[in-house]
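Okay, structure first, notes after.
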Amino acid sequence: MKYCPECGKSLASETARFCENCGAKLSNATPSDQPIVVITPEEKNPVLAAVCSLFVPGFGQVYDGKMARGFAIFIGTVIGLICLIVPGIIIWLFGVYDAYSLAKKMNNNEIPFIPTKTAHLIIYIVLVVIISVIVFAILALIALATFASHETALTPSAIPTMTLPPFFTP
């Protein structure tokens, strides 16, 4: 039996010049001469997605093709860590689980497969670095302002002077 090299459908006639299914031009090659093309579907690595999100919150979602979702998880983690540490950790751990489950669902064809785009990974890392630098700078300025206000409260003019009782004077 002869198969179409374009669509893979079996041909009704061994001497057909065109595929009845897709219309592709057929060569006179024998069935044994035609290569068998096996298309393997692309898959995501769920463990890699989880590890990516473990090291950088939201990075696993970007690996899964969901850049906006990953960015939202990153911002939520940062705000949660700044306000109260526990909400940030909870959002971070949710991101790890979400990245893993997204990859599993894509592999099981439960949701559409979205290929990983290297440009999105690079853009995400650049944004994470920029936002991290800005957040740390703001926190450092707040810390400096707080310590500076406490330092001025302890200047020598602000400390009351002690006078010794008369029996201690020379």
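The values are calculated or read from the model by the stated rules, or taken from the named source; none is laboratory data. The shown structure was predicted, so the numbers you read here are calculated from the model rather than taken from an experiment. When we count neighbours, we look across all protein chains shown, and the Cβ atoms used for this are built from the backbone with ideal geometry, even at glycine. Please note that ligands, DNA and RNA were not included when accessible areas were found on the heavy atoms of the full protein model with its side chains. Shrake-Rupley method; radii C 1.70, N 1.55, O 1.52, S 1.80 Å.
The residues on offer are 103, 16, and the sole one that is among the aliphatic types (A, V, I, L, M), in contact with a Leu (Cβ under 9 Å, 6 or more places away or on another chain), modelled with pLDDT under 95 and part of a helix (DSSP H, G or I) is 103.
Exactly one residue among 132, 149 is in a helix (DSSP H, G or I), of a type outside the set (D, E, K, R), open to solvent by less than 90 Å² (accessible area, probe 1.4 Å) and at pLDDT below 90, and that residue is 149. Go through the residues of region 56-66 one by one and say whether even a single one is of a type in the set (A, V, I, L, M, F, W, C), open to solvent by 50 Å² or more (accessible area, probe 1.4 Å) and modelled with pLDDT under 95. The answer is no, given that none of the residues of region 56-66 is of a type in the set (A, V, I, L, M, F, W, C), open to solvent by 50 Å² or more (accessible area, probe 1.4 Å) and modelled with pLDDT under 95. Looking at 36, 79, 89, just one residue is modelled with pLDDT under 85, hydrophobic (A, V, I, L, M, F, W, C) and either over 27 Å from residue 115 (Cβ atoms) or in a loop (DSSP other than H, G, I, E, B) (or both), and that residue is 36. Inspect region 116-123 for any residue being at pLDDT 85 or above, touching a helix residue (DSSP H, G or I) at 6+ places or on another chain (Cβ under 7 Å) and outside any helix (DSSP H, G or I) and give the result as yes or no. Scanning region 116-123, I find at least one residue that is at pLDDT 85 or above, touching a helix residue (DSSP H, G or I) at 6+ places or on another chain (Cβ under 7 Å) and outside any helix (DSSP H, G or I), so the answer is yes. When restricted to residues that are in contact with a Leu (Cβ under 6 Å, 6 or more places away or on another chain) and at positive phi, region 56-100 contains 0. Across region 94-111, the number of residues qualifying as of a type in the set (Ser, Thr, Tyr) and open to solvent by 30 Å² or more (accessible area, probe 1.4 Å) comes to 2. Restricting the first member to region 120-143 and to residues that are free of Cβ contacts under 8 Å to residues at least 12 places away in the same chain and over 14 Å from residue 57 (Cβ atoms), and the second to residues that are part of a helix (DSSP H, G or I) and open to solvent by 70 Å² or more (accessible area, probe 1.4 Å), no beta-carbon pair is closer than 7 Å while six or more apart or on different chains.
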